[in-house]
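Participant: Please find one structure pasted underneath; my questions will follow.
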Amino acid sequence: MNRTHSPLFHISKRASIPWYISWAIRAAAIVAAMLVCALVTMLLTGADPIRIYVTIFQGSFGTVRKFWVLLQELSILLCVSLAVTPAFKMRFWNIGGEGQVLIGGLATAACMFYLGDKMPSGLLIPVMIVASILAGAIWALIPAIFKARWNTNETLFTLMMNYVAIQLVSYFCNIWDRKGSGIVGIINPNTRAGWFPVLAGRQYLLNVLVVAVLTVAVYIYLRYTKHGYEISVVGESERTARYVGIKVEKVILRTMLLSGALCGIAGLLLVGGTDHTISTTTAGGRGFTAVMVSWLAKFDPIFMVLTSFLLAFLSRGSSQIAQNFGLNHSFGDILTGIILFFIIGSEFFINYRLSFRASSEKEDGSHA
Amino acid sequence: MKKTLAILLALLLALALFAGCAKTETPSGSGAGSGTTTPTEAPADAQVPAPVAAASDMEFENDSAAADAAAAKAELAAVLPKVKVGFIFLHDENSTYDKNFIDAAKEACEGLGVSYILRTNIPEGQECYNAAAELVDDGCNIIFADSFGHEDFMIQAAREFPNVQFCHATGTKAHTEKLANYHNAFADIYEGRFLAGVAAGMKLNQLIDEGKFSADEALVGYVGAYPYAEVKSGYTSFFLGVRSICPSATMEVTFTNSWYDEALEKEAANTLIQRGCKLISQHADSMGAPTACETAGIPNVSYNGSTVDACPNTFIVSSRINWVPYMETMIVNTAAGKRLAADWTGTLANGAVELTDVNTQAAAPGTVEKLEEVKAGLISGAVKVFDTGAFTVGGKTLDSYAADIHDMGDFQPETEVIKDGEFEESVYRSAPAFDIDIDGITIIDG
């Protein structure tokens with residue numbers, strides 16, 4: 001091969017690579033990320049990077065309590081990620097998870113607030129479950145109807161619905177707290193009406209179990225059911241879907257209903273299971289973080305356990321760094337950003353091959 | 001240094017009482033001192049007699065007192081290292097309110113030589129309980145939280161960990177929860193606000209005298225966070241301070257419904273300026289309002305601390321709560337094993353209510369002297385902020401008002417707070433209760 005001009009390297013799509021190579025690339029990316037983090041840490045703070053890493057681990061595994069908090073954070077984040085995933089697989093960019101969680105939480109809180117003294121917990125909790133699922137589902141269905149009927153931009157629509165939900169929560173906080181502080185406080189602190197039962201003395205165990213069941217359910221739904229298949233086809237190509245007789249509008253509406261319902265459950269778990277209050281920060285940005293969790297796991301619910309673990313772990317680690325080293329939380333976020341950059345970047349090297357000039361000649365030769 | 005000394009003296013007084021009972025006993029644990037009346041022990045419903053002020057009045061009387069002081073100091077030095085302090089903050093140093101609290105935490109702990117842990121960016125939800133429980137796991141004996149919405153979660157933690165003291169600033173429920181280890185704190189910041197208002201009134205008068213606007217146009221703008229007692233008490237006392245100097249002044253208030261929203265606060269300040277406000281003050285925690293004022297060249301009276309670095313031309317003065325005396329009292333008493341009072345109220349006299357340095361660049365001439373004069377009047381009681389003769393409600397003088405002091409979730413006012421021609425602010429609990437809309441203040445839609 002004699003070229004007058006050949007570039008330093010060129011990029012080509014890989015056909016497919018064995019799983020161990022792709023995992024080796026991912027591992028290399030994490031090692032590289034850790035090295036860059038170490039460098040940034042030393043340059044910016046002068047702190048010992050090894051101690052920083054140890055501290056990140058302590059943030060999640062330092063004590064039994066920290067481990068349970070990690071599990072709780074992981075579960076809720078995973079629940080929201082599971083919720084947005086069916087829509088993403090369908091290429092419907094639902095970034096309204098935040099609002100759908102909040103509105104589910106608001107419905108839960110409203111049941112606790114208005115019905116807490118009117119019915120026994122045995123009846124109240126089922127009412128809360130139905131209300132939160134309905135609220136989340138309706139919140140997701142509104143943009144879905146507009147998308148299915150008039151092909152509106154779902155990204156903008158679902159995003160805007162977040163702000164409507166935040167304002168609604170803010171409004172009800174001001175109604176329920178008549179002092180004007182905008183803070184509802186713990187609902188039914190004495191009667192504990194509508195509080196989920198504590199299993200085995202572990203407050204977060206119920207949440208963890210519920211989300212574990214949901215993970216398996218969503219996995220089966222997406223992978224082995226007709227609905228799951230239809231979602232994939234619509235995601236690949238709407239025209240193909242129509243051609244094979246799939247009612248695309250119906251799939252969009254049905255999938256968004258599911259997406260919103262799962263977000264509603266996340267709101268239910270947050271309000272009924274742990275916080276027992278509602279505020280505009282109850283969802284805590286999880287609706288957006290979930291987008292990343294879902295993407296990193298390539299919409300696979302089982303892998304999402306890993307990616308949501310990673311994000312919950314890094315967030316708890318950031319908090320521990322802030323505490324132990326007196327650094328601002330933003331520093332932990334910088335490290336998280338670096339690590340995510342490398343992980344996302346590694347997918348590029350899994351999907352594409354970088355061929356340098358010398359090696360490209362060799363490879364061309366071998367193919368010949 | 002002076003404050004530390006005052007606290008040591010307060011402790012001496014307490015330990016002198018202990019010395020009579022058991023000389024060798026080192027008090028530890030929250031129940032140890034419960035049988036003995038100490039200066040810090042107070043019935044749950046009464047205002048705490050400020051131990052620091054009491055001790056300051058005593059001074060050294062003779063040599064034996066000095067010797068006792070040395071003994072007390074030695075005793076304290078023996079128990080203080082056993083104390084570990086945890087702090088929970090809603091935001092971090094970017095919020096003026098949290099920065100003020102964080103700085104005080106560092107100063108108090110480093111002054112006493114106790115170890116401490118700071119947890120920043122803890123939301124007002126289950127995260128607060130988790131943070132408190134983790135601080136207990138880390139060995140903290142006393143835990144402070146700084147935000148109103150942390151209260152229920154601090155109470156939840158206090159129930160679970162009875163051997164740890166939970167101290168919550170700005171909360172309202174300690175005196176009704178009656179937990180031995182849960183405590184509220186606030187300061188008579190309305191007196192600081194009043195003083196800040198005096199400085200603002202002087203600035204308005206200066207501008208009127210210079211012919212910048214007429215006396216009738218002396219409109220003040222105020223950016224508030226939430227329309228509840230803490231904020232309303234704050235802006236009303238500020239306004240009463242303004243009007244004590246500039247009687248023609250009126251005020252417009254707008255709420256952001258957030259404690260920290262820089263964009264919203266800036267926008268609110270700009271709206272007020274466009275409506276013709278000649279001076280702005282705020283009770284929200286970002287730099288939004290002060291920077292809007294600096295850009296527009298409108299004088300600003302700040303809160304939580306000096307903003308002179310960012311606003312050299314418009315910053316006049318700021319009132320702030322100095323939390324150091326509060327934290328020192330709580331930590332020292334915890335170390336000594338004494339029961340802490342349900343409510344702690346800081347005052348001008350015990351150094352918890354402060355004004356920052358006056359920025360002579362922007363303030364009217366003579367402001368510093370006038371503030372000293374009014375401050376002396378407030379301390380002596382000659383000047384009363386919520387004097388019912390100084391304001392009207394719906395055109396009438398207020399001679400009776402029931403406030404919701406006992407925050408039982410019923411929102412029912414139950415306590416008569418007008419006494420001897422004065423609204424008794426922060427008397428029945430440390431957190432403010434003045435939530436009346438008085439004449440001269442207009443709330444505009446934000």
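Participant: From the list A:200, A:193, A:212, which residue is more than 12 Å from chain B (Cβ to nearest Cβ) and within 23 Å of the chain's Cα centre (by Cα)?
Facilitator: Working: A:200 fails: within 23 Å of the chain's Cα centre (by Cα); A:193 fails: within 23 Å of the chain's Cα centre (by Cα).
Exactly one of A:200, A:193, A:212 is more than 12 Å from chain B (Cβ to nearest Cβ) and within 23 Å of the chain's Cα centre (by Cα), namely A:212.
Participant: Select from the range B:75-107 the residues that are surrounded by fewer than 20 Cβ atoms within 10 Å (Cβ to Cβ), more than 10 Å from chain A (Cβ to nearest Cβ) and within 29 Å of residue B:286 (Cα to Cα) and list them in ascending order.
Facilitator: Answer for the range B:75-107, where residues must be surrounded by fewer than 20 Cβ atoms within 10 Å (Cβ to Cβ), more than 10 Å from chain A (Cβ to nearest Cβ) and within 29 Å of residue B:286 (Cα to Cα): B:99, B:103, B:107.
Participant: While we're on this one: Taking the stated definitions as given, is residue A:332 more than 18 Å from the chain's Cα centre (by Cα), at pLDDT below 90, within 14 Å of chain B (Cβ to nearest Cβ) and crowded, with 19+ Cβ neighbours inside 10 Å?
Facilitator: Working: more than 18 Å from the chain's Cα centre (by Cα): yes; at pLDDT below 90: yes; within 14 Å of chain B (Cβ to nearest Cβ): yes; crowded, with 19+ Cβ neighbours inside 10 Å: yes.
Yes, satisfied.
Participant: Ok, one more. With (1) at pLDDT below 90; (2) assigned to a loop (DSSP other than H, G, I, E, B) as the list, and residue A:95 as the residue in question, which single condition is left unmet?
Facilitator: Evaluating residue A:95 over (1) at pLDDT below 90; (2) assigned to a loop (DSSP other than H, G, I, E, B) leaves (1) as the failure.
Participant: Could you grab the pairs with beta carbons closer than 6 Å, sequence gap of 6+ or different chains, first residue in the range B:252-276 and farther than 19 Å from residue A:170 by Cβ and away from chain A (no Cβ under 14 Å), second one in a loop (DSSP other than H, G, I, E, B) and among the hydrophobic types (A, V, I, L, M, F, W, C)?
Facilitator: Every condition considered, the pairs that remain are B:252/B:444; B:273/B:298.
Participant: Of all residues in the range A:35-50, count the ones that are in contact (Cβ under 8 Å) with a residue 24 or more places away in the chain and in a helix (DSSP H, G or I).
Facilitator: In the first step, residues of the range A:35-50 are kept if they are in contact (Cβ under 8 Å) with a residue 24 or more places away in the chain; the result is A:36-37, A:40-41, A:44-45, A:47.
Checking which are in a helix (DSSP H, G or I) leaves us with A:36-37, A:40-41, A:44-45.
Summing the residues that are in contact (Cβ under 8 Å) with a residue 24 or more places away in the chain and in a helix (DSSP H, G or I) in the range A:35-50 gives 6.
Participant: Being at pLDDT 95 or above and of a type in the set (S, T, N, Q) is true for just one of B:214, B:237. Which residue is that? Please lay out each step first, then the result.
Facilitator: Working: B:214 fails: at pLDDT 95 or above.
Of B:214, B:237, the one residue that is at pLDDT 95 or above and of a type in the set (S, T, N, Q) is B:237.
Participant: From the list A:251, A:216, A:244, which one is at pLDDT 95 or above and on the phi < 0 side of the Ramachandran plot?
Facilitator: Working: A:251 fails: at pLDDT 95 or above; A:244 fails: at pLDDT 95 or above.
Only one candidate passes the filter, namely A:216.
Participant: Can you pull out every residue in the range B:135-154 that is in contact with a Leu (Cβ under 9 Å, 6 or more places away or on another chain) and under 22 Å from residue A:64 (Cα atoms)?
Facilitator: Once the filter is applied, which keeps residues that are in contact with a Leu (Cβ under 9 Å, 6 or more places away or on another chain) and under 22 Å from residue A:64 (Cα atoms), the range B:135-154 yields B:142, B:143.
Participant: Hey, can you tell me all the residues within the range A:215-238 that are loosely packed, with under 13 Cβ neighbours inside 10 Å and within 17 Å of the chain's Cα centre (by Cα)?
Facilitator: Passing the criteria: only A:216.
Participant: Specify which of the listed residues (A:315, A:294, A:308, A:319) is in contact with a Phe, Trp or Tyr (Cβ under 7 Å, 6 or more places away or on another chain), assigned to a helix (DSSP H, G or I) and touching a residue at least 40 places away in the same chain (Cβ under 8 Å). Outline the logic, then answer.
Facilitator: Values: A:315 fails: in contact with a Phe, Trp or Tyr (Cβ under 7 Å, 6 or more places away or on another chain); A:308 fails: in contact with a Phe, Trp or Tyr (Cβ under 7 Å, 6 or more places away or on another chain); A:319 fails: in contact with a Phe, Trp or Tyr (Cβ under 7 Å, 6 or more places away or on another chain).
The unique qualifying residue is A:294.
Participant: Sort through A:180, A:185 and tell me the only one that's crowded, with 16+ Cβ neighbours inside 10 Å, of a type in the set (Gly, Ala, Ser), facing chain B (nearest Cβ under 10 Å) and free of Cβ contacts under 8 Å to residues at least 60 places away in the same chain. Break it down into steps so the answer makes sense when it comes.
Facilitator: Numbers: A:185 fails: free of Cβ contacts under 8 Å to residues at least 60 places away in the same chain.
Only one candidate qualifies: A:180.
Participant: Since residue B:137 meets every condition but one in (1) more than 10 Å from chain A (Cβ to nearest Cβ); (2) surrounded by fewer than 24 Cβ atoms within 10 Å (Cβ to Cβ); (3) not β-branched (Val, Ile, Thr), which condition does it not meet?
Facilitator: (1)
Participant: Can we say residue B:200 is at pLDDT below 95, in contact with a Leu (Cβ under 9 Å, 6 or more places away or on another chain) and away from every other protein chain (no Cβ under 14 Å)? Outline the logic, then answer.
Facilitator: Working: at pLDDT below 95: no; in contact with a Leu (Cβ under 9 Å, 6 or more places away or on another chain): yes; away from every other protein chain (no Cβ under 14 Å): yes.
When the stated conditions are applied, residue B:200 does not pass them.
Participant: Which one of the conditions (1) away from chain A (no Cβ under 14 Å); (2) within 21 Å of residue B:246 (Cα to Cα); (3) not in a strand (DSSP E or B) does residue B:175 fail to meet, given that it meets all the rest?
Facilitator: All conditions are met except number (2).
Participant: Identify, please: which residue in the range A:76-94 is among the small types (Gly, Ala, Ser) and within 10 Å of the chain's Cα centre (by Cα) and is, among those, surrounded by the fewest Cβ atoms within 10 Å (Cβ to Cβ)?
Facilitator: So the first thing to find is which residues in the range A:76-94 are among the small types (Gly, Ala, Ser), and the list is A:81, A:83, A:87.
If we keep only those that are within 10 Å of the chain's Cα centre (by Cα) too, we end up with A:81, A:83.
Values: A:81: 34, A:83: 30.
In this case the residue turns out to be A:83.
Participant: Here's another thing I want to ask about it. If we keep just the residues of the range B:130-139 that are touching a residue at least 24 places away in the same chain (Cβ under 8 Å) and out of contact with any strand residue (DSSP E or B) (no Cβ under 7 Å at 6 or more places or on another chain), which is farthest from residue B:335 (Cα to Cα)? I'd like the intermediate steps shown before the answer.
Facilitator: Of all residues in the range B:130-139, those touching a residue at least 24 places away in the same chain (Cβ under 8 Å) come to B:131-133, B:135-136, B:138-139.
Subset that is out of contact with any strand residue (DSSP E or B) (no Cβ under 7 Å at 6 or more places or on another chain): B:133, B:136.
Working: B:133: 20, B:136: 16 Å.
Across the range B:130-139, the extreme among qualifying residues is B:133.
Participant: Select from the range A:244-286 the residues that are more than 10 Å from chain B (Cβ to nearest Cβ) and assigned to a loop (DSSP other than H, G, I, E, B) and write down the one among them that is farthest from residue A:132 (Cα to Cα). If you could, list the steps in order and put the result at the bottom.
Facilitator: From the range A:244-286, those more than 10 Å from chain B (Cβ to nearest Cβ) are A:244-269, A:272, A:283, A:285-286; that's our starting set.
Adding the requirement that they be assigned to a loop (DSSP other than H, G, I, E, B) leaves A:244-247, A:283, A:285.
On the way: A:244: 35, A:245: 33, A:246: 30, A:247: 28, A:283: 14, A:285: 19 Å.
Out of the qualifying residues, it is A:244.
Conditions tested, residue by residue: (1) in contact with a strand residue (DSSP E or B) (Cβ under 7 Å, 6 or more places away or on another chain); (2) more than 12 Å from chain A (Cβ to nearest Cβ).
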position	(1), (2)
B:109	yes, yes
B:121	no, no
B:124	no, no
B:128	yes, no
B:150	yes, no
B:160	no, no
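Participant: Please pick out the residue among B:163, B:121 that is surrounded by fewer than 23 Cβ atoms within 10 Å (Cβ to Cβ), in contact with a helix residue (DSSP H, G or I) (Cβ under 6 Å, 6 or more places away or on another chain), not in a helix (DSSP H, G or I) and not aromatic (Phe, Trp, Tyr). Please lay out each step first, then the result.
Facilitator: Working: B:163 fails: in contact with a helix residue (DSSP H, G or I) (Cβ under 6 Å, 6 or more places away or on another chain).
The match here is B:121.
Participant: Still on this structure, I have one more. Starting from the range B:286-300, take each residue that is touching a residue at least 12 places away in the same chain (Cβ under 8 Å) and list its partners that are small (Gly, Ala, Ser) and part of a helix (DSSP H, G or I), counting only C-beta distances under 6 angstrom and pairs at least six apart or across chains.
Facilitator: Listed by first residue and then by second, the contacts come to B:289/B:269; B:292/B:269.
Participant: While we're here: Would you check if residue B:328 is surrounded by 13 or more Cβ atoms within 10 Å (Cβ to Cβ) and closer than 28 Å to residue B:111 by Cβ? Give the steps one after another, and end with the answer.
Facilitator: Details: surrounded by 13 or more Cβ atoms within 10 Å (Cβ to Cβ): yes; closer than 28 Å to residue B:111 by Cβ: yes.
So residue B:328 fits the description; yes.
A quick yes/no check of all residues on (1) under 19 Å from the mean Cα position of the chain (by Cα); (2) in a loop (DSSP other than H, G, I, E, B); (3) farther than 28 Å from residue B:273 by Cβ:
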| residue | (1), (2), (3) |
| --- | --- |
| B:334 | no, no, yes |
| B:341 | yes, yes, yes |
| B:359 | no, yes, no |
| B:369 | no, no, yes |
| B:378 | yes, no, yes |
| B:382 | no, yes, yes |
| B:391 | no, yes, no |
| B:400 | no, yes, yes |
| B:409 | no, yes, yes |
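The values are calculated or read from the model by the stated rules, or taken from the named source; none is laboratory data. Just so we're clear, the structure is a prediction, and the values are computed from it rather than from any experiment. Virtual Cβ from ideal backbone geometry, glycine too; neighbours counted across all protein chains shown.
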